[in-house]
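These notes are about the structure you will find just below.
Read-outs: derived from the displayed coordinates by stated rules, not from any lab. The model shown is predicted, which means the values in this text are computed figures rather than measured ones. All Cβ positions, even for glycine, are placed from backbone atoms using ideal geometry, and neighbour counts span all protein chains on display.
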Amino acid sequence: MSINISRTIVLPIDEDEYNTLITNRLQYRKKIDALIEQHPEIFPEHITKGYSFSGMSVNTEKSDTLRRLIRIKHPINKYDDYLLHPCYEMPYLRGKTIEVSDGLFLRKHNTPYDAISYVKGRDAMYWYRAELALSHYNIVGTSIKHIEHLPSDILIDEHHSRIGRHKLYICTTVGDNCFLGASVSTNIDQAHLLKSYGVFKDELHRIYPQHIVQSINTDGFQSTCNTAKQLFPKAQMLRCFLHGFLKIKSCGTKPIAIGL
């Protein structure tokens, strides 16, 4: 399966500084060089070999923000173009990050889109699309940017939820106090869990293919255990202490039938 690699580099820079530097090639390059040293994880590895400015990206219909394109050369007579995007602008220039974040905060409390539109402006479909856009990003690479911080010991479990009358299962993957995956499954059998938990494995191998999961903690549910073994066959399977204790407790309190 081919993997689509993002050609956009989001720069951690405030609006005032960005507007001052964007038209000054020399100062802008100095800023990029400083960011490469401070945050190498947001740039392609081969950018250390050098890069050049290759043009400007302008979309006056959406925003007046200017964005530069850079060209990074590979060792073997090949190059890639990347778009340098300031963090205060939403992807695809949907709006200012701070303005959109206020509206999406209301969605956290299940505020209807038309109500957000009434309070924050724009139409309901704008806020609907802004929320959907959050699913475009890799959770693993967003929450953990250095492979040395990626936990080798993880825990997987299903959170039972509902949409109307339909029951759903949110297959979560966590480790070292960090969310690494959360995918929705419509069924709790192994085939469906394999697809949902497989999202975490795909994202993990996409950006950290050399990482090895050493242990997986589960609640002991058979479909969950089988799914974990199939996705990570070399990992050690652990039983949650609480669930194990509750299982022993439930077995110990059952009446014993004594045959006469």
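Brief remarks on what is shown
- Label point at Tyr137 placed 7 Å out along Cα→Cβ; residues across the stretch 3-32 whose backbone nitrogen lies under 13 Å: 9-12
- Among Ile98, Ile144, Ile42, the order by Cβ neighbours within 10 angstrom, fewest to most, reads Ile98, Ile42, Ile144.
- Which of Phe53, Phe232 has the fewest Cβ neighbours within 10 Å, and the rest in rising order: Phe53, Phe232
- A simple rule links phi to the HN-Hα coupling: the Karplus curve 6.51 cos²θ - 1.76 cosθ + 1.60 with θ = phi - 60°, which for the stretch 177-187 gives 6, 9, 6, 10, x, 7, 10, 8, 10, 8, 9 Hz, with x for Gly and Pro.
- Compactness check for the chain: Cα Rg over 2.2 N^0.38 Å is 1.31.
- Karplus-based coupling profile of the stretch 146-154, in residue order and whole Hz: 10, 5, 5, 8, 7, x, 8, 10, 10, with θ = phi - 60° in 6.51 cos²θ - 1.76 cosθ + 1.60 and x standing for Gly or Pro.
- Given in Å, the Rg to one decimal and the Dmax to the nearest whole number for the Cα atoms of the stretch 126-192 are 14.3, 43.
- In the structure shown, the pairs Lys30/Lys201; Lys78/Lys234; Lys73/Lys195; Lys96/Lys201; Lys195/Lys234; Lys30/Lys120 are assessed against 27 Å; a Cα-Cα span above that value is assigned to Lys30/Lys201; Lys78/Lys234; Lys73/Lys195; Lys96/Lys201; Lys30/Lys120.
- Table column - 3J(HN,Hα) (Hz), the stretch 116-128, Karplus curve with 6.51, -1.76, 1.60, x for Gly and Pro: 5, 4, 5, 7, 9, x, 6, 9, 4, 5, 4, 6, 4
- Radius of gyration and Dmax over the Cα atoms of the stretch 8-89, both given in Å: 12.6, 38
- Along the chain, the exposed loop sites are trypsin sites (Lys or Arg not before Pro) outside DSSP states H, G, I, E and B with at most 13 other Cβ atoms within 10 Å, and the longest stretch free of them is 166-233.
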